[in-house]
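Enquirer: Handing you this structure, nothing more for now.
The values are calculated or read from the model by the stated rules, or taken from the named source; none is laboratory data. Predicted, not measured: the structure shown is a model, and the values here were computed from it. Here Cβ is always computed from backbone atoms with ideal geometry, including for glycine, and neighbour counts include all displayed protein chains. In case anyone asks, the SASA skips ligands and DNA or RNA and just uses the protein heavy atoms, side chains included. Shrake-Rupley method; radii C 1.70, N 1.55, O 1.52, S 1.80 Å.
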Amino acid sequence: MHSLAVTSGRPQRPTSWFPTREKATRKQDNAIAGEECDCTCRGQRGNTGGSLTKLAYYSTVQHKVAKVKSFDHTGKDADHELLYEISEQEEITARLHFIKFENTYIETCLDFIKDHLVNTETKVIKATGGGAYKFKDLIEKKLGLNVDKEDEITCLIKGCNFVLKNIPHEAFVYVKHGDPEFRFQTTHPNIFPYLLVNIGSGVSVIKVETEDKFERIGGSSIGGGTFWGLGALLTKTKRFDELLQLAARGQHTNVDMLVKDIYGGAYQILGLTGNLIASSFGKSATADKEFSKEDMAKSLLHMISNDIGQLACLYAKQHNLSQVYFGGFFIRGHPVTMHTITYSINFFSKGEVQALFLRHEGYLGAIGAFLKGAEQDNPNLYSWGENYAGSSGLMSTSPDIFPMQRSRSGTFDMLEMDRLERQVVNLPLLYDPSSYIPDSVDLTEDAMAREYWLSCFEEALEGVAKRAVASQPDAKDATDRAQKFQQKYWNKLQTLRHQPFAYGSLTVRSLLDTREHCLNEFNFPDPYSKVKQKENDIALRYYQSVINSLDSLAWEEKQFALVKGLLAGNVFDWGAKAVSEVLESDQEFGFEAAKQKLQARPWLVDSYSKWIERLKGPPHKCALIFVDNSGIDIILGIFPFVRELLSRGTEVILACNSGPALNDVTFNESLIVIERIAAMDSIIQSALQDDRLTLVQTGTSSPCLDLSRLDKGLAMLVKERNTDLVIIEGMGRAIHTNYYATFQCESLKLAVIKNSWLAERLGGKLFSVVFKYETPPL
Amino acid sequence: MAQNGPVGPSEDGGPQEPAARRRISSSEGPTASTGAPRERLNSVPRARPRLDSLRRNRPPFPWFGLDIGGTLVKLVYFEPRDITAEEEQEEVESLKNIRKYLTSNVAYGQTGIRDVHLELKDLTMCGRKGSLHFIRFPTQDMSVFLQMARDKQFSSLHTFLCATGGGAYKFEEDFLNVGGLELWKLDELDCLIKGVLFIDSVGFNGQSQCFSLETPKDPEKCQKIPYNLENPYPLLLVNIGSGVSILAVYSKDDYKRVTGTSLGGGTFFGLCCLLTGCSTFEEALEMASLGDSTKVDKLVRDIYGGDYDRFGLPGYAVASSFGNMMSKEKRDAVSKEDLARATLITITNNIGSIARMCAVNENISRVVFVGNFLRVNTVSMKLLAYALEYWSKGQLKAFFLEHEGYFGAVGALLELLTTT
């Protein structure tokens, strides 16, 4: 197997947002990374070409982003009717593209790259594998760049580290008869050490200990080339994928000598069952009869898979490793080989070693070659996230049912990774980071819930599109773009109906995030900007009276009113269908009306008594609060609560999303809001001045919350302040995600269930309340 | 015969390979360090009365040991050469016939062969002096053998046969129904080890049974070096029959089966039949000795132009077995001999590689290769000797035994002689 690599970029503009960007792009623009392999693609009928080229290129993507700017309240703007100014600005973000296409299209592809290539100083393309030799001249001629060959295995490992670190559901276990057949693993913060078994023509077994330290500890000459070469000789079938199809239909027991063929049954003393293969191809030695192509192909597949599995187990045992990732063209998403390898590993390791596969296995070499080109960059300055809008998913395993999807994926498959200019890390307060799974329900496993949520998102789609158009009244093309958005997201939902595993574990979070990615793709950076603006403005007008009314209450009444306020505030959620309908129809729906909607105690989950007892004790040192919605939620729910905590002597860290998602309050918006509250409230003001109240950003733009991928600055602050209380608010952050998360300190998860299906599932009704106060496990 | 690759994944639930150390049972019965009752206890033959009454010191003649593998049946026969006149007179006709038939022929029927060169002369067993004969025939001709046993009225001796290998189970009923013979079924791995240790101890007609190969890469200089297996423990015993079993042996009666692979002699021969149309193992080997595997295999240098220094792979190492056969032009350019050679090299290298990993994991440096795959197969022996030493950087050494595939049958015979 070979690979080759290419990178390109769109014209850059200087910008002040990313101090490191200019340096980084200059290098990356010149790294073109790609990979060519011997693998024929699947599902292509009548196409004799078939080798694939993987190409990685870097681009900067110009996006509209929503900006908020406070008016100058000291001057004449003071009586401006709006709280702050909203504008959409152009922002340039970095994106990595990985494309897979048939070699036949390489010229077209190189033309595309040439058109988008930036004029830069260095003229080098990083390339790896056989394609580096094969297409060297073509690339050099077309692009006027020198091809710089990189070591294949080094690139492979670099790529592997990259996807394992940056894509949470990268690795999966394959279970042929399972539902789902793909079981995704949550990538733990520490991916090392691991074993990578690359099955190309031959087999390489590589032990990876750190980012830069790895060793080829062994290998075997019996690999994909043996299957293909020997298979072609035995069956006169030329193509790799056809051989696999033959194998899938064959009966190996006609060709292999089984234990029962020798013993007449099982070899009981050793506990070897009769169906064990005693001798591969053993029957073809003793008879003059003909064997079917299918049977021989199957026997060959077993022979090779078993041999590789055995070898992998022997190496895993020798190096005391239990996680083995498999890659190479022999594996590359083929269910047949994933199954036989998994089977063999389970057999030989007695279940002690786990065979793991990678969603983006085919891109590893190209990614690695690309990263080699960007080597001087400091990877600690940013992180990457998969863009669901721009990536095609893992292909279906049922070629007969979805031939279209399959052939499309085989021909042109892509992965896009957005660069986040911050480093993301675990929340240090997680009780056990290695077992933390953000999502409460895995929709790939729960078919009923999957059905519900997919329909729910489908039904809400038109409303979201309308909202998007409304957010840009001045843009003429808004309707057109909204339609495109609607189509794109609809298609994604249909893909997910058939292939729930396409982007890793399907969750409510991934559905929400995919929608945000699609909106961004069509330049709707913040459809709710105006709604949020208005809500914030209105809520601020009630702040003082809410505070006054709270202050008039006795201590215990006040605590309950504060919690009720928090919950009522949380009703204002445009992400929830039931609420958005109310909000759309009833302009007057307010804080008091929301309180009326709330379930009376005892709540669905009710540890309020425990909480109030706790409040009678000593104050917390520092509380970290993940906030949810704009307007009434943050202003009339959260801030009075924060104020009370501060009064008790507890420091507070307020964590808001870095970018927009639904009507969730963003970090920038919260800065304006807090400024206005501080002007009204001396407690808030002095806390801000003394740094007892700090606003931070989470690093994400999701309505949900993944506590294993949080902004590093937040994590450091949380540690610094000796945070001993975590408060998570809202359905997205406390129910869909983190409901089962455990912490090293006290935690409070609260939300109003604004979805009748979910409420019912949890045993409650619409507007049921979850108030979950927990102390750390003993 | 030994075996075991995993079951085809289409089947449900693969068995677990028992790695527990086993203790070879003494002739009195199982000493089961693993605790499991042994199959053979339940198969004490009904011919017991005759046995008990006749054998004061030794069992009655004829003395056979049988090992029925997946491909070959191995039969060892002890021919007493110290028969007294009185004995001869008493000897029943059928017994005499059998002795004469076996010792006066070197071939039996179409496919039975006596390996005359392996005969052990002047051997004393159980107080009797004689010759040990080594006979083999294909397992698929078992019915012919049984017919012969019937014709020669073997059953009139009211005897039973000590047999090991899978066929002891598979053909048990046929032996009884067709040949009128009862089988005493013995575990093949127990027999294998007993046989190896016994045969090594008696030597090979004055020469050494065990040997290593020096300078295996150089056909001119390559030579057998005798080795004394007297205190060989621990040793890794690799039995290459149709499939392969790998045993770690810690003492004469303490061993465990480490693993096995289904890529064995049966795979070599089976693939050769399909690829070249050959019909005998000898033919396959003959072709292999004439071929050039580098036309079939993709070597490291075919990919990297030379050595792959980054990972210490020499250019001549095979990167992908049969890798060149992915290309149509190259498929059209290879001969049957090349294909046979590549098949042999592929299977041999793979066994060597698994054996080496096992030796490292078990911390054993002596590896003894036995089994009929190695019969008249100097190509594989040299390759195993070379590969083991090269890839272990001299830490491991390969040994071979002259009697290759007969140890199971010898072990079965020993059981007969030591049973009370």
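Enquirer: For chain B, modelled as a GNM with alpha-carbon contacts under 10 angstrom, which of B:PRO219, B:PRO232, B:PRO60 fluctuates the most?
Expert: B:PRO219
Enquirer: For segment A:284-386, take N as its residue count and report Rg(C-alpha) divided by 2.2 N^0.38 Å.
Expert: 1.45
Enquirer: Between B:ALA319, B:ALA387, B:ALA409, find the one with the highest GNM mean-square fluctuation for chain B; connect C-alpha pairs within less than 10 Å.
Expert: Comparing B:ALA319, B:ALA387, B:ALA409 in a Gaussian network model of chain B, the most mobile one is B:ALA319.
Enquirer: Using the structure shown, select from A:LYS126/A:LYS492; A:LYS621/A:LYS712; B:LYS170/B:LYS336; A:LYS176/A:LYS238 the pairs with a Cα to Cα distance greater than 28 angstrom. Working shown, then result.
Expert: Working: A:LYS126/A:LYS492 33 Å; A:LYS621/A:LYS712 21 Å; B:LYS170/B:LYS336 35 Å; A:LYS176/A:LYS238 26 Å.
Result: A:LYS126/A:LYS492; B:LYS170/B:LYS336 exceed 28 Å.
Enquirer: Next question, about the same structure. For A:LYS754, list the lysines whose Cα falls under 21 Å from its own Cα; do not include residues on the same chain fewer than 8 positions away.
Expert: Answer for A:LYS754, where 21 Å is the Cα cut-off: A:LYS532, A:LYS564, A:LYS577, A:LYS595, A:LYS597, A:LYS765, A:LYS772, listed by chain and number.
Enquirer: Something else about it: Kindly sort A:ILE262, B:ILE83, B:ILE113 by accessible area of their heavy atoms, largest first, with the probe set to 1.4 Å.
Expert: Details: A:ILE262 5, B:ILE83 40, B:ILE113 65 Å².
Ranking A:ILE262, B:ILE83, B:ILE113 by accessible area, largest first, yields B:ILE113, B:ILE83, A:ILE262.
Enquirer: Go through segment B:284-379 and name the chymotrypsin sites (Phe, Trp or Tyr not before Pro) that are in a DSSP coil and have 16 or fewer other Cβ atoms within 10 Å of their Cβ.
Expert: Working: sites: B:TYR304, B:TYR308, B:PHE311, B:TYR316, B:PHE322, B:PHE369, B:PHE373; in loops: B:TYR316, B:PHE322.
In loop regions of segment B:284-379 (DSSP not H, G, I, E or B), the sparsely surrounded chymotrypsin sites (Phe, Trp or Tyr not before Pro) are B:TYR316.
Enquirer: Would you please name the trypsin sites (Lys or Arg not before Pro) within segment A:450-543 that are DSSP coil residues with at most 14 other C-beta atoms within 10 Å of their C-beta?
Expert: A:LYS476
Enquirer: For segment A:712-762, which chymotrypsin sites (Phe, Trp or Tyr not before Pro) are both in a DSSP coil and crowded by at most 14 other Cβ atoms within 10 Å? Let's see the in-between values first.
Expert: Values: sites: A:TYR739, A:TYR740, A:PHE743, A:TRP757; in loops: A:TYR739, A:TYR740.
Hits after loop and neighbour filter: A:TYR740.
Enquirer: Quick one: Cα centre-to-centre distance for segment B:305-346 and segment A:183-239, in angstrom?
Expert: First find each Cα centre; the distance between them is then 18 Å.
Enquirer: Moving on to the next point. Among the lysines, select those whose C-alpha is under 16 Å from the C-alpha of B:LYS221, and discard any that sit fewer than 8 residues away in the same chain.
Expert: Of all the lysines, those that pass the test against B:LYS221 - Cα under 16 Å, at least 8 places apart if same chain - are B:LYS382.
Enquirer: Using a probe radius of 1.4 Å on protein heavy atoms only, what is the accessible area buried between chains B and A, both sides summed, to the nearest 100 Å²? Write down the numbers at each step before the final one.
Expert: Details: alone 19750 and 31770 Å², together 45360 Å².
That pair of chains buries around 6200 Å² in total.
Enquirer: In square angstrom, what is the accessible area per residue of segment B:170-292 with a 1.4 angstrom probe? Before the final figure, lay out each step's value.
Expert: Details: 4520 Å² over 123 residues.
So segment B:170-292 comes to 37 Å² accessible per residue, rounded to a whole number.
Enquirer: Let me ask something else. Would you mind getting me the FRET efficiency between B:ASN231 and A:GLN268? Use the beta-carbon distance for r and R0 = 30 Å, nearest 0.05.
Expert: Numbers: r = 33 Å, r/R0 = 1.11.
Between B:ASN231 and A:GLN268 the formula returns 0.35.
Enquirer: Just B:LEU213, B:LEU401, B:LEU275 to compare: in a GNM of chain B, with alpha carbon springs under 10 Å, which one fluctuates most?
Expert: Result for chain B, Cα springs under 10 Å: B:LEU275 fluctuates most.
Enquirer: For B:LYS330, give me every one of the aspartates and glutamates with a C-alpha distance below 15 angstrom, ignoring sequence neighbours fewer than eight places off in its own chain.
Expert: Hits, sequence-local ones excluded: B:ASP292, B:ASP297, B:ASP302, B:ASP338.
Enquirer: Now for a separate question. Using a probe radius of 1.4 Å on heavy atoms only, what accessible surface per residue do you get for segment B:360-420? Whole Å² is fine.
Expert: Values: 1950 Å² over 61 residues.
That works out to 32 Å² per residue.
Enquirer: When a/c is below 1.5 the answer is rounded, else prolate if a/b is larger than b/c, else oblate, so apply that to segment B:187-326 with a ≥ b ≥ c taken from the square roots of the Cα gyration tensor eigenvalues. Numbers along the way, then the final one.
Expert: On the way: a/c = 1.84, a/b = 1.64, b/c = 1.12.
Judged from the Cα gyration tensor, segment B:187-326 comes out prolate (a/c at least 1.5, a/b above b/c).
Enquirer: I would also like to ask the following. So which helices of chain B fit the span-like rule, where a helix is a whole DSSP H run, its Cα atoms reach 20 Å or more along the axis, and its mean Kyte-Doolittle is at least 1.0? Write out the running numbers ahead of the final one.
Expert: Details: long enough: B:188-202 (21 Å, 1.23); B:336-362 (39 Å, 0.16).
Both cut-offs are met by B:188-202.
Enquirer: Oh, and also: Sort segment A:179-220 into rounded, prolate or oblate with this rule: let a ≥ b ≥ c be the square roots of the eigenvalues of the Cα gyration tensor; rounded if a/c is under 1.5, and if a/c is not under 1.5, prolate when a/b is larger than b/c, oblate otherwise. Intermediate results must be reported in sequence, preceding the final value.
Expert: On the way: a/c = 3.98, a/b = 1.25, b/c = 3.19.
Taking the square roots of the gyration eigenvalues as a ≥ b ≥ c, segment A:179-220 is oblate.
Enquirer: Something else about it: Please compute the net charge surrounding A:PRO438, taking Lys and Arg as +1 and Asp and Glu as -1 over other residues with Cβ under 14 Å from its Cβ.
Expert: Values: positive: A:ARG509, A:ARG709, A:ARG733, A:LYS749; negative: A:ASP432, A:ASP439, A:ASP442, A:ASP513, A:ASP706.
Cβ neighbours under 14 Å give a net charge of -1.
Enquirer: Here's another thing I want to ask about it. With the Cα gyration tensor of segment A:161-239 giving a ≥ b ≥ c as the square roots of its eigenvalues, does the rule (a/c under 1.5 for rounded; else a/b larger than b/c for prolate; else oblate) give rounded, prolate or oblate?
Expert: Working: a/c = 3.30, a/b = 1.43, b/c = 2.31.
Verdict is oblate for segment A:161-239.
Enquirer: Another question, if that's okay. Find the centroid of the Cα atoms in segment A:746-764 and in segment A:143-164, then give the distance between the two in whole Å.
Expert: Result: 47 Å between the Cα centres.
Enquirer: For segment B:69-102, state which residues have at least 10 Å² less accessible area in the presence of all protein chains than in their chain by itself, taking the probe as 1.4 Å and leaving out ligands, DNA and RNA.
Expert: Residues losing area: B:GLY70, B:THR71.
Enquirer: Here's something else I'd like to know. With every protein chain in place, what's the accessible area of B:LEU229 (1.4 Å probe, Å², nearest 10)?
Expert: 10 Å²
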